[in-house]
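Below you'll find the structure, written out as structure tokens, and then a few comments.
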Amino acid sequence: MTEALRSMTYSSTAASAFGAKELADLLASSRAANLARDLSGMLLFRGNRFLQVLEGPESVVRELVDRIRRDPRHRDMRILVDEEIEERRFADWTMGYEVLNVPQKAAPEGFRDSFDDLDSDDDTVTARALRELTVWFRARSSNPR
Ligand SMILES: Cc1cc2nc3c(=O)[nH]c(=O)nc-3n(C[C@H](O)[C@H](O)[C@H](O)COP(=O)(O)O)c2cc1C
């Protein structure tokens, strides 16, 4: 039997001095590593915060999240979602990526609230905000792989 598919989402705060060069390096190495490990997902960077979704075989996802948690390039990792999934939501992206400028004029109505909602202590609010972000990301990002 093949291993169950897992999806984990976390938010974190970038360590100081996380610039365009650092992001480009991070994405390049992450995409290559994720492709090799059968992982997919997305990474959003807005202001000083990361939001990442990682999906793939459960043991692989857990191992990577543990490693990412120890990465000194960010801190305060908070797991927002940890769930089994039937099928991938980001199958076309080894690590889809968007920088969201503040203020984000191109963002859809309510988007700003969605991102802020991720910090909610109410799990229902967080889950809804993440669903909206997922739909938004998939519609917007036409640069898979
Ligand atoms: C915000 C953030 C997201 C990351 N995402 C990934 C990822 O999707 N895939 C990956 O292999 N490494 C990712 N990394 C890098 C890992 O933390 C780690 O540096 C990398 O897996 C190499 O680990 P190693 O030096 O122990 O081999 C991420 C790091 C940060 C700070």
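Numbers at a glance
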{"quantity": "Relative contact order (%) - the stretch 5-140, alpha-carbon pairs under 8 angstrom, separation at least six", "calculated": "33"}
{"quantity": "Mean Cβ count within 10 Å, highest first, over the residues of peptides 123-135, 65-77", "calculated": "123-135, 65-77"}
{"quantity": "Length released on extending from Asp25 to Arg78, taking residue separation times 0.36 nm less the Cα-Cα span", "calculated": "16.8 nm"}
{"quantity": "Glu3-Thr134 pseudo-label distance in nm [points 7 Å out on the Cα-to-Cβ vector]", "calculated": "2.1"}
{"quantity": "Kirkwood Rh in Å, taken over all unlike Cα pairs in the stretch 5-140", "calculated": "15.2"}
{"quantity": "Peptides 53-64, 18-29 ordered by average Cβ neighbours within 10 Å, highest first", "calculated": "53-64, 18-29"}
{"quantity": "Ascending count of other beta-carbon atoms within 10 Å, so fewest first, for Thr13, Thr94", "calculated": "Thr13, Thr94"}
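Here, each number is a calculation from the coordinates, and none is a lab measurement. Values in this document were obtained by computation on a predicted structure and should not be read as measured data. All Cβ positions, even for glycine, are placed from backbone atoms using ideal geometry, and neighbour counts span all protein chains on display.
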